[in-house]
Every structure is written in structure tokens, then in C-alpha cells.
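The values are calculated or read from the model by the stated rules, or taken from the named source; none is laboratory data. Quick caveat: nothing in here was measured; it's all calculated off a predicted structure. Cβ placement follows ideal geometry from the backbone for every residue including glycine, while neighbour counts extend to all protein chains displayed. Note: accessible area is taken over every heavy atom of the protein model, side chains too, but ligands, DNA and RNA are not part of it. Shrake-Rupley method; radii C 1.70, N 1.55, O 1.52, S 1.80 Å.
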Amino acid sequence: MSGEDGSITSAGALIPIAERMGFIPMIDCIVLEKVVNELRADADVYIAVNVSNLTIQDSRWLNLLTELMTATPDIAPRLTVEITETAALSNVGEVRWFMQELGAMGCRFAIDDFGSGQASYGYIENLPVDYVKIDGVFIRDLTENALHRAIVESVHRISCTLGIATVAESVETEPIAHLLR
């Protein structure tokens, strides 16, 4: 977001408020249209977009995506839909159906913030997940925290066994990047 003084500020603090007020499905639809326009404009662009649990439960987003993909189905493999771990845990059956619908169009999926909540490897085993994004809380102090290194190694090893790629969030230093590689 742009402040009155022209500064750029993260909209992250507004997301919980927008969720409580019921605006997130509408915001997610606006974001989806912008993302699809970017994908249409440049064949080299790949975009990941977060989707709220409320949006998964609201058919408008899926209907809009279906409509947009009908016009340009070739962009679907370049769109990754990120579902937070907490959303995946809230209603596995509904999330699985949602992911299957989008997967049929060719979209890819990531479980975002993995490890931040009540992480269960059973969910990534039973959902059509392409990526597991390891929560940044485990990454930021990776070089100093042996427990976090063990957790990251475990998530990566199990994900690889399942044929799922891992992505680390909050990689902010070369030593952390080197350790992850």
C-alpha cells in the first residue's frame, strides 16, 4: 500500500481485519484478476498467490478463475495457489475438492507457512501439493538453532519422499542460503 507520504507499507496488518469484515473473498478476486493479467502479458512470468480460507469456501473466486482460464488455459501451469497450513487444516475435504478443481485446470499448489500451526505430514500426503513452504520462523535463525535445522531437514526429507518440492521463507542472509542449499 502507498501511504499519503508516498511510502510503501505492507498490507499484512490489514488482512485479519479484512477477514473479520468479510472482504477477503472480494480482495482475493481483485488480486486474481491482476495476477491473470500479468500472466497473460508475459509468458515468462510465474506467480504464486495466497488464497484465504474464506475464499476457498466462497464459490466466486473459483468461478472467476474458471472463467479466466477458459479464455487462456495455457497460463494455468504458471499459477501457483498458496493455501496456508491453517486453512488446509480447517476443512481438509473442502480444501482437497478446491485443489482438485484448480488442479484439473493445470494450476499448482503450495502449503504456505508449513510448521507454523498444527503441522501434520498427513495433510501434505493426502492433498495434491506441489510445494511446501517452510515457515520463516524456522529459517531466520537456522544457522544458530539446531532444533530448527532438524525441523527443516525433516520437512525437506519427508517432502522429497512424497515428491513435493520445498521452499524456505525468510531467507535473508548468505549463510542461511548456503546452509539451505
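Summary table
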| item | result |
| --- | --- |
| 0 to 90° range, to nearest 10: angle between helix 59-71 axis and the chain longest Cα axis | 80 degrees |
| DSSP bridge pairs, the chain: antiparallel proportion in percent, nearest 5 | 5 percent |
| Centroid-to-centroid separation of the stretch 112-171 and the stretch 66-83 [C-alpha atoms, Å] | 26 Å |
| 222 nm mean residue ellipticity, helices alone, for the chain (DSSP H n ≥ 4; -39,500 (n - 2.57); rounded to 500) | -15000 deg cm²/dmol |
| Farthest positive-ward along the chain dipole, Cα basis, beta-carbon charges - from Phe138, Gly103, Ala43 | Gly103 |
| Computed magnitude of the charge dipole of the chain (debye, nearest 20; Cβ of K, R +1, Cβ of D, E -1) | 400 debye |
| For the chain, the Rg and Dmax computed from alpha carbons only, in angstrom | 17.1, 50 |
| List Thr70, Thr84, ordered by accessible area with a 1.4 Å probe, largest first | Thr70, Thr84 |
| Net charge over other residues, Cβ less than 15 angstrom from the Cβ of Ala43 (K, R count +1; D, E count -1) | -2 |
| Most positive-pole-ward Cα, Leu14, Ala71, Ile27, against dipole of the stretch 10-80 from beta carbon charges | Leu14 |
| Radius 10 Å from Cβ of Pro128, net charge of other residues (Lys, Arg +1; Asp, Glu -1) | +1 |
| Rounded FRET efficiency, nearest 0.05, which uses the C-beta distance separating Glu38 from Leu179 and R0 of 41 Å | 0.80 |
